[in-house]
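Just below is one structure, and these are the notes that go with it.
The values are calculated or read from the model by the stated rules, or taken from the named source; none is laboratory data. Quantities reported herein were computed from a predicted structural model and do not represent experimental measurements. When we count neighbours, we look across all protein chains shown, and the Cβ atoms used for this are built from the backbone with ideal geometry, even at glycine. Ligands, DNA and RNA are stripped out before the accessible areas are found, and what is left, the full protein with its side chains, is counted by its heavy atoms. Shrake-Rupley method; radii C 1.70, N 1.55, O 1.52, S 1.80 Å.
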Amino acid sequence: MADMTAEQDWAQLFELAPVSLWLEDFSALRQLFQRWREQGVSDLRAHLAADPERLRQCSAALRVLQVNRQTLQMFGAQDLEALLQGLPQIFRDEMLVHHAEDMVRLWNGALEYRSQTVNYTLDGRRLDVLLHVRVLPGHEQDWGRVLLSLEDVSERELARRALLGSERYAQGLFEHSPVSLWVEDFSGVKRLLDEVREQGITDFRTFTDVHPDFVERCMAQIRVLDVNRQTLRMFRVPDKAALIEALPLIFRDEMRRPFTEQLIDLWNGQLLQQRETVNYSRDGEMLHVHLQFSVLPGYEQDWSLVQVALTDISARKKAEAYLEFLGKHDALTKLRNRSFFNDELNRLERRGLGPVAVLVVDVNGLKAVNDACGHAAGDALLRRAGEVLAKAVEAPMTASRIGGDEFVLLMPGADEQAGEQLLQQLRELLELNNQFHGGEPLDLSLGLAVWRPGERLEASLHRADTLMYEHKRRYYQTREHERRAGAAPA
C-alpha cells in the first residue's frame, strides 16, 4: 500500500512539475551501441558523421513512455499522441548536431549529462532549451528508464543573441570606421595628476613648463587597449602588436606641446576635447591629425576607458601650407613675392634699426629671349635667377621677385662692406650657374644702396634702383657695340 502511495505521489510530481519532463526507454539505443561495438566501432562521432542515417537510427531507438502537462503546453500538443506524431517537427535542424553530441556522451559512459539544444513547437516556433538527461537508478545496465527535463530558455537566449548582435554591430562600426579609433586607459595619467594636486599645485600650466619630464611620465602612462583597422593603415603597421611596439616612434617630438595642452584641459576637468596635433607613422612621416578625446560615460572617476578618434588632416595641412606659401612666394622662382616684400619693407622701417643693405636685381636680355625662343625659355631664365639669389641669401636676408624680371634683396644689419661681399658672391654664383646650364647665359644688372635711420627706406630703394638701371644701360651699350663690331665689313 505504501509503495502504491509513493508511486502515486511520484506520478503527481511528474505531472505537475513546472518544467517539461519526459520519461523514455533507451534500451534499444543501448542494444544498437552494443552491436556497433561488436562490429568494431570505437569512435562514435566519426561513425555518425560518416553516414547521417546512423543518427536517425539512434533517434528511432528512443521510445517516449510518458510526458507531463508542461511538456504538452510547451510544445503546443493536445495530448501525448499528437506530440509523438509531431516529433519530426520538434527534433530537427540545429537539434541534430546537439543530438549527435548527446549520443557520444552516452556512448562514452555518461549516465547523466546536461546540454543546451534547440527544439521547435508544433506550430514551428523555435525553442532554446536546457536539457538534463538522467538514467534512473536501477536501470544503469539496460537504460530502460531515462528521465529528461527541458527548461525553456528562449527569452534568455533571445536577449543574449540581441546583445551579441549589438556587440557585433558596435564592433563593426569600430573596426570599419573611416577614422582612426583608439580605446585607451588613462587611469595612470589621472593618478599622476591627482598626486600633483595633492602636493598643493594650483598653476598646472606653470608646473608643466618647469617640469617637462612630468609630461613625458604622463605620456608613458597611456595604455592602448584596442585600435581599429584604419589606425593600422594610417600608421603603417601590420597589426596591433606592432603598433604598440612602435608607440615611442608615433608619439614624440612635436606631439608633446599639444599633449601638454590636453593634460592642462584634463586638469581643468574637460573630459571631452578636440584639437589639432601631430603624430608620426612608423616609417617616420609626420601626420597632422584632428584629435577628438572623450572619457567614456561611467568612467569619469578613474579615466580607465577613453576613446580617441584621429582624423588624418595631413593633406589639408599641406594644402594650407601651400596656399600660405603662394601668398608670400612667387610660384615661378620660389622666392618671396611683392606682397611679402612690401610687408618686410614696412616692418624694417618701423623697427628703425639700421643699416639695411638694399640690392635691386634685374635680368638682362629677358625680352630678347622671350621673342627669340618663347616664354618657356624666358621662364627658365627667371627660374635660374631665382636659384642664384636663393643660394646667396641667408636669414634674416630675403630675396623677393617684385616684377617681371626685377628682384630685391633686403639685408638687415648689412653695411656697404657686407653689401659688396654679397655682390661678389652673386657674381661667383652667376658664373657657376652659367657653367652648369647650357644655352642662353644668365646676366644680371645690380644696384646696391644702404639705408640708415634718418631717411625713408624707399629713398635707399630708389638709389639702388637707379644704380641698377645705370648698370643695365652699360650692359646694353656693350651689347650694341659688340653687335656693330661683328656686323662691320672685313
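Taking the range 146-172 on its own, how many of its residues are open to solvent by 70 Å² or more (accessible area, probe 1.4 Å) and in a strand (DSSP E or B)?
Total meeting the criteria: 2.
If you go through the range 22-66, how many residues are in contact with a strand residue (DSSP E or B) (Cβ under 9 Å, 6 or more places away or on another chain), farther than 19 Å from H98 by Cβ and not basic (K, R)?
The number of residues fulfilling the criteria is 6.
Every residue in the range 76-106 that is farther than 21 Å from Q66 by Cα and loosely packed, with under 13 Cβ neighbours inside 10 Å, please.
D93, V97
Can you tell me which residue within the range 290-323, out of those that are out of contact with any Ser or Thr (no Cβ under 6 Å at 6 or more places or on another chain) and in contact (Cβ under 8 Å) with a residue 60 or more places away in the chain, is farthest from G188 (Cα to Cα)?
The extreme case among them is D312.
Condition first: open to solvent by 60 Å² or more (accessible area, probe 1.4 Å) and of a type in the set (A, V, I, L, M). Now tell me which residues in the range 447-477 satisfy that.
Across the range 447-477, the qualifying residue is only L467.
Scan E276, E344, E320 and give me the residue that is closer than 30 Å to L457 by Cβ and either among the charged types (D, E, K, R) or open to solvent by 60 Å² or more (accessible area, probe 1.4 Å) (or both).
Values: E276 fails: closer than 30 Å to L457 by Cβ; E320 fails: closer than 30 Å to L457 by Cβ.
Selected residue: E344, the only one of E276, E344, E320 that is closer than 30 Å to L457 by Cβ and either among the charged types (D, E, K, R) or open to solvent by 60 Å² or more (accessible area, probe 1.4 Å) (or both).
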